[in-house]
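The values are calculated or read from the model by the stated rules, or taken from the named source; none is laboratory data. In this text, all values refer to a predicted model and were calculated from it rather than measured experimentally. Cβ coordinates were reconstructed from backbone atoms using ideal geometry, including for glycine residues, and neighbour counts include every protein chain displayed. Just the protein is used for accessible areas: all its heavy atoms, side chains included, with ligands, DNA and RNA removed. Shrake-Rupley method; radii C 1.70, N 1.55, O 1.52, S 1.80 Å.
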Amino acid sequence: MQRQEVQEICETAGLKFLGLVKLGPEPRFQRFLQWVEEGQHASMRFLEQHQHLRADPRGLLPGACQAIIFALPYFQGDQLQAARRGAYPIAQYARLQDYHRSMRKKAEVVLTLLKTKSNDLEGRVTIDSAPMLERALAARTSAGFIGKNTCYIHPEAGSFILLGEILLTRDLTETDEPSTVDPQVRSDQGGCGSCRRCQIYCPTGALDEAYRLDARKCLAYWTIEHRGTIPFEFWPWLKTYFFGCDLCQLACPYNRAIAISQEPVRVELNQIDFFDVATMSQARYEQLFGGSPLTRAKRSGLRRNALIAMTVTSDLRLPEALQMLTEDDEPVLHETSTQIGQWVKS
C-alpha cells in the first residue's frame, strides 16, 4: 500500500493525515518522566500511572509495530485580543460535541477500510484516552514540531488540532522520515526560533520555561482538571476563560492563517450565562453540557468556575447565586463561597 493511499483514506473519512511512525521505545519518555517527578503535572495522578505504556506504546496492542497519526482541526476563528477581553469564555475544542466519539467513528471507518486491503491486519484506535505520549509521536512524522507552548505544531495546520492514532500490527507502508525541524530555529519547515509570544501571552506564567508547561500555574488545569478550590491568584483570569484557555495558541504565528474547522460546534456555548451555570440543577447541567467536553470538569467544577467568574466581574446576581447553594451541594462550592466572602472583604 502506498502512503498516498493511506492519506486519501484518512482524509475521505474527515481526518487530517499527519503520517506513519514506527512504534517502539519513546525517545522523549525520560523528559516526560522528569516532568512528572518534579510535580509539574499538579494533581493529575493519572499521569503517574501506566508509565511502561508511555515508555513503549507497543504494549497497548499485542503485535503493534506501526501507527497512523491523524488529527481533527478545531479552530473556530477566535481572535487573540477579543479572547483577552473574555469574548470566548470556553476554549475552542470544548465547543465541539464530544470529539472523542466523532474522531473514533471516523478512525474506525479508516481501520475497517484498511483491513479490507491488508490481510490479517489488526488495529486499535486511540483518541485521547490511552496512556500515550501523543505529541511526541506526532513530532516523529515528517512535518511538525513541539513548540515553546508544548503543543504539537504543524507548519500548515497550526496547533488547533486534536490528535489521534491507529495502532497497527502490520506495516502498511514505509514509515515517515522524522521531521528534522529544530524547534529552537525558525525556518520554512517550522520551529519557534526567538519567538516568545506564547510565553508573553500566557496569563499565569505557566510557560515561563520554554518547551515546558507547569500545570500548577495553568488556567486550563485549574478550570478543568482540578477538583478543589482555586487559589486567588488565578481568579482574575476566569473572566477571560471560564473553561480552559487558548491564549498561548492564539498568540502563535503558526495559527494566523489556518482554516476554520468544518466540524459541527455548539455555538450557544459562546453565550454562557454565569448565573445560569452557577445555579444549575443536574437536569440543567445535562441539558447545557451533556455530550460535550465540558463534563470533564463535572457539574460542581463548572458551578465553582461560574461563581468565581461572577465574583471577578462584579455580577450583581452573585448574592442570589450564593443564597441558592444547598446543604447537599459539593463541599468545593461551600468552600468557594467562603473564599468569595474573603475576596469581597479584601
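Quick one: in region 236-251, which of the residues that are out of contact with any Ser or Thr (no Cβ under 8 Å at 6 or more places or on another chain) and part of a loop (DSSP other than H, G, I, E, B) is nearest to S300 (Cα to Cα)?
Taking the candidates together, the pick is T240.
Give just the number: which of (1) farther than 21 Å from C245 by Cα; (2) over 17 Å from the mean Cα position of the chain (by Cα); (3) modelled with pLDDT of 95 or more does T180 not satisfy?
Of everything listed in (1) farther than 21 Å from C245 by Cα; (2) over 17 Å from the mean Cα position of the chain (by Cα); (3) modelled with pLDDT of 95 or more, T180 misses just condition (3).
Let me spell it out: the conditions are (1) part of a loop (DSSP other than H, G, I, E, B); (2) closer than 19 Å to P89 by Cα; (3) open to solvent by 30 Å² or more (accessible area, probe 1.4 Å); (4) of a type in the set (A, V, I, L, M, F, W, C), and M280 meets all of them except one. Which number is the exception?
(3)
List every residue pair whose Cβ atoms sit under 7 Å apart, with the two residues 6 or more apart in sequence or on different chains, where the first one lies in region 241-266 and is of a type in the set (D, E, K, R) and the second, anywhere, is open to solvent by less than 30 Å² (accessible area, probe 1.4 Å) and assigned to a loop (DSSP other than H, G, I, E, B).
D246/D78; D246/A91; E263/Y74; R266/S292
Can you confirm whether region 151-162 contains a residue that is over 30 Å from G123 (Cα atoms), surrounded by fewer than 20 Cβ atoms within 10 Å (Cβ to Cβ) and at pLDDT below 95?
No: region 151-162 contains no residue that is over 30 Å from G123 (Cα atoms), surrounded by fewer than 20 Cβ atoms within 10 Å (Cβ to Cβ) and at pLDDT below 95.
In this structure, is R101 of a type in the set (D, E, K, R), under 25 Å from A143 (Cβ atoms) and not in a loop (DSSP other than H, G, I, E, B)?
In short, no.
Would you please name the residue that is nearest to T240 (Cα to Cα), looking only at residues in region 283-342 that are in a loop (DSSP other than H, G, I, E, B) and of a type in the set (D, E)?
As a first pass, look at region 283-342 and keep what is in a loop (DSSP other than H, G, I, E, B): 290-292, 313-317, 324-330.
Next, only the ones that are of a type in the set (D, E) stay: 315, 327-330.
Details: D315: 14, E327: 30, D328: 30, D329: 26, E330: 25 Å.
Restricting to residues being in a loop (DSSP other than H, G, I, E, B) and of a type in the set (D, E), the top hit is D315.
Conditions first: (1) in a loop (DSSP other than H, G, I, E, B); (2) in contact with a strand residue (DSSP E or B) (Cβ under 8 Å, 6 or more places away or on another chain). V6 passes all but one, so which condition is the exception?
Going through (1) in a loop (DSSP other than H, G, I, E, B); (2) in contact with a strand residue (DSSP E or B) (Cβ under 8 Å, 6 or more places away or on another chain) one by one, V6 breaks only (1).
Taking region 31-76 as the search range and keeping residues that are among the acidic types (D, E) and part of a loop (DSSP other than H, G, I, E, B), which one is surrounded by the fewest Cβ atoms within 10 Å (Cβ to Cβ)?
Step one: filter region 31-76 for residues among the acidic types (D, E), giving 37-38, 48, 56.
Narrowing the set further to residues that are part of a loop (DSSP other than H, G, I, E, B) leaves 38, 56.
Details: E38: 10, D56: 15.
Here the answer is E38.
Show the residue pairs meeting these rules: Cβ distance below 6 Å; 6+ apart or different chains; first residue within region 207-220 and open to solvent by less than 20 Å² (accessible area, probe 1.4 Å); second residue in a helix (DSSP H, G or I).
L207/C198; L207/Q199; A215/Y221; L219/W237
Could you grab the pairs with beta carbons closer than 8 Å, sequence gap of 6+ or different chains, first residue in region 105-123 and of a type in the set (G, A, S) and modelled with pLDDT of 95 or more, second one assigned to a helix (DSSP H, G or I) and crowded, with 16+ Cβ neighbours inside 10 Å?
Taking only residues 6 or more apart or on different chains, the pairs are G123/L111; G123/L114.
Taking R140, is it assigned to a loop (DSSP other than H, G, I, E, B), open to solvent by 40 Å² or more (accessible area, probe 1.4 Å) and touching a strand residue (DSSP E or B) at 6+ places or on another chain (Cβ under 7 Å)? Step through it out loud before you land on a result.
Details: assigned to a loop (DSSP other than H, G, I, E, B): yes; open to solvent by 40 Å² or more (accessible area, probe 1.4 Å): yes; touching a strand residue (DSSP E or B) at 6+ places or on another chain (Cβ under 7 Å): yes.
Yes; evaluated as a whole, the condition is true for this residue.
Which residues, taken from region 104-130, are more than 14 Å from L172 (Cα to Cα), in a loop (DSSP other than H, G, I, E, B) and either out of contact with any strand residue (DSSP E or B) (no Cβ under 9 Å at 6 or more places or on another chain) or of a type in the set (D, E, K, R) (or both)?
D128, S129
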